[in-house]
Amino acid sequence: MSNHVLVLGGSGKISQLLTPLLLQRSWTVTSIIRNPDQVASLQKLGENQKGKLNVLVRNLDEVKSEAQARSIIDEVKPNYVVWSAGAGGKGPPERTFTVDRDAATYFIRASAATPQVTKFLMISFIGSRLKKPSWFSNADWEQQLKGRQKLQNYYEAKIAADEVLYTEGKRRKDFAGINLRPGLLTDEPAGKVELGKLSKPNGPSSRTSVAHLAALLLDSQDVRSCWLDMLDGSEDPEAAVQRVVKDGVDCAEGEPFY
């Protein structure tokens, strides 16, 4: 089956690594970017690929309602949506809330309300969590809380969107809300990973590995709504994805909405 993936935040580093991986599968990718100056460089990602790449210029800062998000989804007609957009905590705090919380939430709800869309993959971050998970020690939890202090606005925006994705994913049986949650992003090459309930609260995550895992999760027939924490580690990515999908691993365990 040839899938059509809408990538929101298509000019970001992870999106630019993910796009060719999806095109290699003979899928169609529609990449949404904000800056028209980047269209030509993004279109190069589609050269000599099996799939087709479309690049659309839209400003996610201006998406102020679920209806506006729905109009973009109706225009593109994807069956999978990837959210890899956001202010990333940079710039004024209100922009972080406008994009990372509000626009993300509108796209999640619009996607879940569109029968054709069956997967929504969110790139979040490892510290987006309300409660200490049972597999963390108190020291682990303190370390994670300390690590996110500098990202307070980003954290508040991300946890709000992550909760909406989880809730929507549980509400609709044929819709997978997949939340991939890396640690400190690096430009190291793709390698082995730790995925699921992690042995440590923080650490580096190669962007290339994040993109690889995202592609594998979108490609998985049996993946269900879940949170998956991720760091660089010692397991092959393919094996890690097969394991977490087969075992139904869900790092949202222990959250108030779980």
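Computed from the coordinates by the stated procedures, all read-outs in this text should not be read as laboratory data. Please read these numbers as outputs of a predicted model, since none were measured by experiment. Virtual Cβ from ideal backbone geometry, glycine too; neighbours counted across all protein chains shown.
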Which far-off residues, 5 or more places away or on another chain, put their amide H under 5 Å from the one on Lys119, with H placed in the peptide plane?
Val81, Ala176
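Can you sort Arg101, Arg224 from fewest to most other Cβ atoms within 10 Å of each residue's own Cβ?
On the way: Arg101 21, Arg224 15.
The order, fewest Cβ neighbours first, is Arg224, Arg101.
Report the FRET efficiency, 1/(1 + (r/R0)^6), for Asn59 and Ser2, where r is their Cβ-Cβ distance and R0 is 22 Å, rounded to 0.05. Walk me through the numbers before you get to the answer.
Working: r = 29 Å, r/R0 = 1.31.
About 0.15, to the nearest 0.05.
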Tell me the label-point distance for the pair Lys77, Asp187, using the 7 Å Cα-to-Cβ offset, in nm and rounded to one decimal.
3.9
What number does region 85-190 give for Rg over Rh if you use C-alpha atoms and the Kirkwood radius?
1.00
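Can you give the FRET efficiency to the nearest 0.05 for Phe257 and Lys13, using r as the Cβ-Cβ distance and R₀ = 41 Å? Intermediate results must be reported in sequence, preceding the final value.
Details: r = 30 Å, r/R0 = 0.73.
In this case the efficiency is close to 0.85.
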In whole Hz, with x marking every Gly and Pro, tabulate ³J(HN,Hα) for region 193-204 from phi via Karplus 6.51 cos²θ - 1.76 cosθ + 1.60, θ = phi - 60°.
9, 10, 9, x, 7, 7, 7, 9, x, 8, x, x
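Which GluC sites (Glu not before Pro) does region 44-149 hold that lie in a coil by DSSP with at most 10 other beta carbons within 10 Å? Don't jump to the answer; show the numbers that get you there.
Values: sites: Glu47, Glu62, Glu66, Glu75, Glu94, Glu142; in loops: Glu47.
Qualifying residues, ordered by number: Glu47.
Given Lys90/Lys146; Lys50/Lys119; Lys158/Lys197; Lys50/Lys90, which pairs have Cα atoms separated by over 30 Å?
Working: Lys90/Lys146 19 Å; Lys50/Lys119 22 Å; Lys158/Lys197 19 Å; Lys50/Lys90 36 Å.
Exceeds cut-off: Lys50/Lys90.
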What is the helix-to-structure angle for 66-76, meaning the angle in degrees between its Cα long axis and the longest Cα principal axis of the chain, kept from 0 to 90 and rounded to the nearest 10?
60
Please work out the Kirkwood hydrodynamic radius for region 183-258, using every pair of different C-alpha atoms, and report it in angstroms with one decimal place.
12.6
Diffusion constant of the chain at 37 °C, which comes from Stokes-Einstein with the Kirkwood Cα-pair radius and 0.692 mPa s, µm²/s:
181
Candidates Asp229, Asp37, Asp219; GNM for the chain (alpha-carbon contacts under 10 Å) flags as most fluctuating Asp37
Length gained when the stretch Thr118-Lys246 is fully extended (0.36 nm per residue, less Cα-Cα span)
44.2 nm
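Give, in nm to one decimal, the length gained when the segment between Lys52 and Gln149 is fully stretched (0.36 nm per residue of separation minus the Cα-Cα distance). Working shown, then result.
Working: separation 97, 0.36 × 97 = 34.92 nm, distance 4.12 nm.
Taking 0.36 nm per residue and subtracting the Cα distance, the gain is 30.8 nm.
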Hits among lysines - C-alpha to C-alpha of Lys44 under 19 Å, sequence gap 8 or more where chains match
Lys13, Lys52
How many nm separate the modelled label positions at Lys44 and Asn138, each set 7 Å beyond the Cα in the direction of the Cβ?
5.4
Does anything in region 162-199 have its amide N under 18 Å from the 7 Å Cα→Cβ label point of Glu238, and if so which residues?
190-195
Dividing the mean separation of Cα pairs under 8 Å (6+ apart) by the residue count of region 37-180 yields a relative contact order in percent of 26
Using only the Cα atoms of region 126-258, what do you get for the radius of gyration and for Dmax, in Å?
14.1, 38
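Roughly what % of Cα-Cα distances in region 157-216 sit above 18 Å, to the whole percent? Please report the intermediate quantities before stating the final value.
Values: 831 of 1770 pairs.
Counting pairs separated by more than 18 Å, the tail of P(r) holds 47 percent.
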